[in-house]
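Notes follow the structure.
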Amino acid sequence: MRFVIADPPTLAKSIADRIQALLDRKRDAILGLATGSSPLALYDELVRRANAGAMSFSSAGAFLLDEYVGLPADHPQRYCNVIDREFTSRVDFTSGSVRVPNPNVHDLQASCAEYETDITRSGGIDFQILGVGTDGHIAFNAPGSLHDSRTRVVRLSDQTRRDNARFFDDDVAAVPEWCITQGIGTILDATELVVIAEGNSKAEPLRRLARGEVDVDWPVTALNLHGTVTVFADSDAARLIPPELRTSLSMSRSR
Ligand code: GLP
């Protein structure tokens, strides 16, 4: 596993380079998108390049990792609205090419199974962007999630609800209790994965990941089962990573 360490703008450019190279060789690539604050600089960089005519998402597709259950359709924190606002509506994805788990159905299990089928029918995710929770969760797969889990409805842990309260005016009670998440098995099916981790609170999950072990109590360590993962971390998140695993990118550069 490689740990690339730099300031957030440099990390964003480095990941954007990879996505640009992917779309150059495969215009209809399927991207796996994450919400949370960690990918925001990357999305801004992709928007900047798309607006400059350097890249296009017009033939690409995307699947979002997860979605809250129980929020009104127009709620600003519904992940379908977040990803639309932060990224997908700002570039040239075509209508219907960005898919999000659908929580507005009577049969949520069927909706999850349909999402899995849609991913498979698309040919699978070429490039998955991931954040990591302070408790090591990926998407909304909390500690204890099985490594072969698939898209399903799960209850959010108290820790994750506390962490995400900042998006709900610091009101933990306003954070939904339930969500739909891609499973760890679903995530591991992607061809290439990148993890973006910023800030001190991500140091412990990254330390566990760097040990190379696989521990169900730290979901992010399941990524040690995948051969093509790169972790992009700022110096705070990477502070417990051993020197021999680090690749430092020293300065912010523009493409
Ligand atoms: C939420 C999302 C995860 C994300 C995590 C980390 O819980 N469901 O997919 O990885 O937040 O978010 P942040 O990048 O804001 O730290």
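The values are calculated or read from the model by the stated rules, or taken from the named source; none is laboratory data. Quick caveat: nothing in here was measured; it's all calculated off a predicted structure. Every residue, glycine among them, receives a Cβ derived from its backbone with ideal geometry; neighbour counts consider all protein chains shown. Calculation scope for accessible area: heavy atoms of the full protein, side chains included, ligands and nucleic acids excluded. Shrake-Rupley method; radii C 1.70, N 1.55, O 1.52, S 1.80 Å.
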task: Give just the number: which of (1) under 18 Å from the mean Cα position of the chain (by Cα); (2) of a type outside the set (Val, Ile, Thr); (3) open to solvent by 40 Å² or more (accessible area, probe 1.4 Å) does Asp135 not satisfy?
output: (3)
- request: Restricting attention to the stretch 170-191, report how many residues are closer than 26 Å to Leu71 by Cβ and open to solvent by 60 Å² or more (accessible area, probe 1.4 Å).
  value: 5
- request: For the stretch 30-47, indicate whether the set of residues that are more than 11 Å from the ligand (Cβ to nearest atom), in a loop (DSSP other than H, G, I, E, B) and more than 22 Å from Asp126 (Cβ to Cβ) is non-empty.
  value: no
query: Would you call Asp24 within 16 Å of the ligand (Cβ to nearest atom), more than 30 Å from Ser111 (Cβ to Cβ) and free of Cβ contacts under 8 Å to residues at least 40 places away in the same chain?
result: no
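Which of the residues spanning the stretch 117-132 are open to solvent by 30 Å² or more (accessible area, probe 1.4 Å) and outside any loop (DSSP other than H, G, I, E, B)? Before the answer, list the steps.
Taking the stretch 117-132 first, the residues open to solvent by 30 Å² or more (accessible area, probe 1.4 Å) are 117, 120-123.
Passing the criteria: Thr117, Thr120, Arg121.
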statement: Of the residues in the stretch 76-103, those that are more than 15 Å from the ligand (Cβ to nearest atom) and either part of a strand (DSSP E or B) or surrounded by 14 or more Cβ atoms within 10 Å (Cβ to Cβ) (or both) come to Asp84, Thr88, Arg90, Val91, Asp92, Phe93, Ser97, Val98, Arg99, Asn102
statement: Filtering the stretch 186-234 for residues that are in contact (Cβ under 8 Å) with a residue 60 or more places away in the chain and more than 16 Å from the ligand (Cβ to nearest atom) leaves a count of 10
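Yes/no matrix, rows are residues, columns are (1) out of contact with any strand residue (DSSP E or B) (no Cβ under 9 Å at 6 or more places or on another chain); (2) in a loop (DSSP other than H, G, I, E, B); (3) among the charged types (D, E, K, R):
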| position | (1), (2), (3) |
| --- | --- |
| Ala173 | yes, no, no |
| Cys179 | no, no, no |
| Ala203 | no, no, no |
| Leu209 | no, no, no |
| Val214 | yes, yes, no |
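Just to be sure, is Ser58 more than 23 Å from Ile184 (Cα to Cα), out of contact with any helix residue (DSSP H, G or I) (no Cβ under 8 Å at 6 or more places or on another chain) and not aromatic (Phe, Trp, Tyr)?
Values: more than 23 Å from Ile184 (Cα to Cα): yes; out of contact with any helix residue (DSSP H, G or I) (no Cβ under 8 Å at 6 or more places or on another chain): yes; not aromatic (Phe, Trp, Tyr): yes.
Yes.
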query: When you look at Ala60, is it open to solvent by less than 60 Å² (accessible area, probe 1.4 Å), closer than 23 Å to Thr151 by Cα and of a type in the set (Gly, Ala, Ser), yes or no?
result: yes
- request: Among the residues of the stretch 139-157, count how many are open to solvent by 60 Å² or more (accessible area, probe 1.4 Å) and within 16 Å of Leu225 (Cβ to Cβ).
  value: 3
Selection count, the stretch 192-207, where residues are surrounded by 19 or more Cβ atoms within 10 Å (Cβ to Cβ) and among the basic types (Lys, Arg): 1
